[in-house]
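Working notes for the structure below.
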Amino acid sequence: MKKSDPDKGKILIYQTSKKEVELRVRLKHETLWLSQAQIAKLFGTQRPAGTKHLGNIFKTGGLDKNSVCSVLEHTASDGKIYQTKFL
């Protein structure tokens, strides 16, 4: 049996009972990571609005960008691997 690599993380799938929202999120080192698009979907808004609010939170010091952001690899539906910033 192959040991799992804790740096690779796990993918978890969350969805509402009516499947209106489905999020595939990455769990790495006991931290849940979401892309900006996933955060927007979770809160029922568009990505630009979420990006604006996150920018304001970072600007005012509500969160430290270096502490809550990580660049992780993910495989897109086209099979390519992309480096994406997750929060």
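The values are calculated or read from the model by the stated rules, or taken from the named source; none is laboratory data. Everything quoted here is computed from the prediction, not taken from an experiment. As a convention, Cβ positions derive from the backbone with ideal geometry for all residues, glycine included, and neighbour counts pool all protein chains shown. Ligands, DNA and RNA are excluded from the accessible area calculation, which covers all protein heavy atoms including side chains. Shrake-Rupley method; radii C 1.70, N 1.55, O 1.52, S 1.80 Å.
Just for the range 73-84: of the residues that are in a loop (DSSP other than H, G, I, E, B) and over 19 Å from Ala40 (Cα atoms), which one is least open to solvent (accessible area, probe 1.4 Å)? Even if it seems obvious, please write down each step before you answer.
Kept after step one, since they are in a loop (DSSP other than H, G, I, E, B), are these residues of the range 73-84: 76-80.
Next, only the ones that are over 19 Å from Ala40 (Cα atoms) stay: 77-80.
Details: Ser77: 132, Asp78: 88, Gly79: 52, Lys80: 117 Å².
The residue in question is Gly79.
Scanning the range 55-87 for residues that are without any contact (Cβ under 8 Å) to a residue 12 or more places away in the chain, of a type in the set (Ser, Thr, Tyr) and under 19 Å from Leu32 (Cβ atoms) yields Ser67, Thr75. Testing Ala37 on (1) in contact with a helix residue (DSSP H, G or I) (Cβ under 7 Å, 6 or more places away or on another chain); (2) of a type outside the set (Val, Ile, Thr); (3) at pLDDT below 80, one condition comes back false. Which one is that? Result: Ala37 fails condition (3) only. Cβ-Cβ contacts under 6 Å between residues 6 or more apart (or on different chains), taken from a first residue in the range 41-52 that is at pLDDT below 90 to a second residue that is of a type in the set (A, V, I, L, M) and surrounded by 14 or more Cβ atoms within 10 Å (Cβ to Cβ), are listed as Gln46/Ala40; Arg47/Ala37; Arg47/Ala40; Gly50/Ile39; Gly50/Ala40.
Residues that are exposed (fewer than 15 other Cβ atoms within 10 Å of the Cβ) and among the hydroxyl-bearing types (Ser, Thr, Tyr) within the range 33-72 comprise Thr45, Thr51, Thr60, Ser67, listed in sequence order.
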